[in-house]
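Following: one structure in structure tokens, then a few remarks.
The values are calculated or read from the model by the stated rules, or taken from the named source; none is laboratory data. All figures in this text were calculated on a predicted structure; none of them were measured in a lab. Glycine also receives a Cβ, built like all others from the backbone with ideal geometry; neighbour counts cover every protein chain displayed. SASA here: full protein model, heavy atoms, side chains in, ligands and nucleic acids out. Shrake-Rupley method; radii C 1.70, N 1.55, O 1.52, S 1.80 Å.
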Amino acid sequence: MTADHPIRLLLADDQEMVRVGFRMVLDAQSDMTVVGEAADGAEAVGLAGKLYPNVVLMDIRMPRMDGLAATRQIIDADPATRVLVLTTFDLDEYVHAALRAGAAGFLLKDAGPAELLAGIRAVSSGDAVVAPSATRRLLERFLPKDSEAAAPTDPKLIETLSDREREVLTLVGQGLTNTEIAGTLFLAETTVKTHIGHILTKLDLRDRVQMVITAYDAGLVRPGR
């Protein structure tokens, strides 16, 4: 996005001071504009349908409708909308489910301005905010507590992948970077990127976060391994 076509942002948090703080930082950027604020999930869903934000900064714990349910409804209504979950990490147990629902990643609530801005720009351009190693730690922390994730694994999720693509997906699920995957499989990093592109296309996944979730759901990776 540019100054002529700034990233349209919707802030969803039940704490007004949090929203004020975010707005001060975000509106000061030439390539961003805050188009609306919501104090709960239900209001966020309504505003997203009216204001067409590019990115929603979504708190998890809010009255009337929490951020998890709001994320699902916003993504269902418009899959192009990118949702960034805001979490305290040590407390919120719904982050994995939010990522499963289609959120593009998560940011810590106490993230500094530079991290926040970089995260917004990343998801706006189609990337995921969560670093692979952080994704793995996040899922290992919350997966056992997620009732949906306790269901039997489904190998059919990845039946369209080649053997090499399954290897790459497994290593992504284990939290390895592209460089580390290349070293492990004795491949060029450009080849790894090509495999990842094929995986995203074949499995209709939006980003690396969803690749990690799929690796868990298909039984390629399990918590603690």
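Within region 197-225, which residues are under 17 Å from the mean Cα position of the chain (by Cα), in a helix (DSSP H, G or I) and charged (D, E, K, R)?
Across region 197-225, the qualifying residues are 208, 217.
Would you please list the contacts, defined by Cβ atoms under 6 Å and residues six or more apart or on different chains, that run from a residue in region 10-34 that is farther than 21 Å from residue 50 by Cα and in contact (Cβ under 8 Å) with a residue 40 or more places away in the chain to a residue that is open to solvent by 20 Å² or more (accessible area, probe 1.4 Å) and in a helix (DSSP H, G or I)?
Matching pairs, first to second residue: 25/113.
What number of residues in region 164-185 are within 17 Å of residue 216 (Cα to Cα) and part of a helix (DSSP H, G or I)?
The number of residues fulfilling the criteria is 9.
Criterion first (in a loop (DSSP other than H, G, I, E, B) and either over 23 Å from residue 208 (Cα atoms) or open to solvent by 20 Å² or more (accessible area, probe 1.4 Å) (or both)) does residue 53 satisfy it?
Working: in a loop (DSSP other than H, G, I, E, B): yes; either over 23 Å from residue 208 (Cα atoms) or open to solvent by 20 Å² or more (accessible area, probe 1.4 Å) (or both): no.
Considered against the rule, which asks whether it is in a loop (DSSP other than H, G, I, E, B) and either over 23 Å from residue 208 (Cα atoms) or open to solvent by 20 Å² or more (accessible area, probe 1.4 Å) (or both), residue 53 comes out as no.
Filter region 186-196 down to the residues that are open to solvent by 30 Å² or more (accessible area, probe 1.4 Å), in a helix (DSSP H, G or I) and not acidic (Asp, Glu), then identify the one that is nearest to residue 216 (Cα to Cα).
Only one residue tops the list, namely 195.
Give me a count of the residues in region 1-25 that are touching a strand residue (DSSP E or B) at 6+ places or on another chain (Cβ under 9 Å), surrounded by fewer than 15 Cβ atoms within 10 Å (Cβ to Cβ) and part of a loop (DSSP other than H, G, I, E, B).
Residues flagged as touching a strand residue (DSSP E or B) at 6+ places or on another chain (Cβ under 9 Å), surrounded by fewer than 15 Cβ atoms within 10 Å (Cβ to Cβ) and part of a loop (DSSP other than H, G, I, E, B) within region 1-25 amount to 1.
What number of residues in region 26-46 are open to solvent by less than 40 Å² (accessible area, probe 1.4 Å) and part of a helix (DSSP H, G or I)?
6
Looking at (1) among the small types (Gly, Ala, Ser); (2) surrounded by fewer than 20 Cβ atoms within 10 Å (Cβ to Cβ); (3) touching a helix residue (DSSP H, G or I) at 6+ places or on another chain (Cβ under 8 Å), which one does residue 173 not meet, given that it meets all the others?
Exception for residue 173: condition (2).
Which numbered condition in (1) without any contact (Cβ under 8 Å) to a residue 40 or more places away in the chain; (2) more than 27 Å from residue 214 (Cβ to Cβ); (3) within 18 Å of the chain's Cα centre (by Cα) is the only one that residue 117 fails?
It is condition (1) that residue 117 fails.
Among the residues of region 204-224, what is the count of those that are in contact (Cβ under 8 Å) with a residue 12 or more places away in the chain and either open to solvent by 30 Å² or more (accessible area, probe 1.4 Å) or of a type in the set (Lys, Arg) (or both)?
Number satisfying all stated conditions: 8.
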